[in-house]
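Take a look at the structure below.
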Amino acid sequence: MTRLILIYPKEDGEIPYDLKKRISIYMKKRHEQKLIILSIALMIAFSIPISLLFNSEREVFGYPMILVYLFSIWMISIVVSFVIVKRYDE
């Protein structure tokens, strides 16, 4: 369900407090939804069938492919969650 919030600032350009409160709650919901989607994607990425696709004899810089996969997904998830929190934590 998409909500459209129209903001009518006061004459001095200030947004009324109750509208600020409603907007911050709405942004927090969007923030939570993106983190939930990230969590579901991580559960899929770390699942055994997907992880075993990278269990091979190949090496990247001397490290087994499965370790490179697991630690890269972990690092990417940290960066993505940091961006989500910083962007929407206002």
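The values are calculated or read from the model by the stated rules, or taken from the named source; none is laboratory data. Computed from a prediction, not measured in an experiment: that's the story for all the values here. Neighbour counts are summed over all protein chains in view; Cβ atoms, including those assigned to glycine, are modelled from backbone coordinates with ideal geometry.
Couple of notes before you dig in:
- Members of the stretch 52-90 that are touching a residue at least 60 places away in the same chain (Cβ under 8 Å) and within 13 Å of the chain's Cα centre (by Cα): TYR88
- Summed over the stretch 25-49, residues that are at pLDDT 90 or above and either more than 16 Å from ILE76 (Cα to Cα) or not in a helix (DSSP H, G or I) (or both) total 4.
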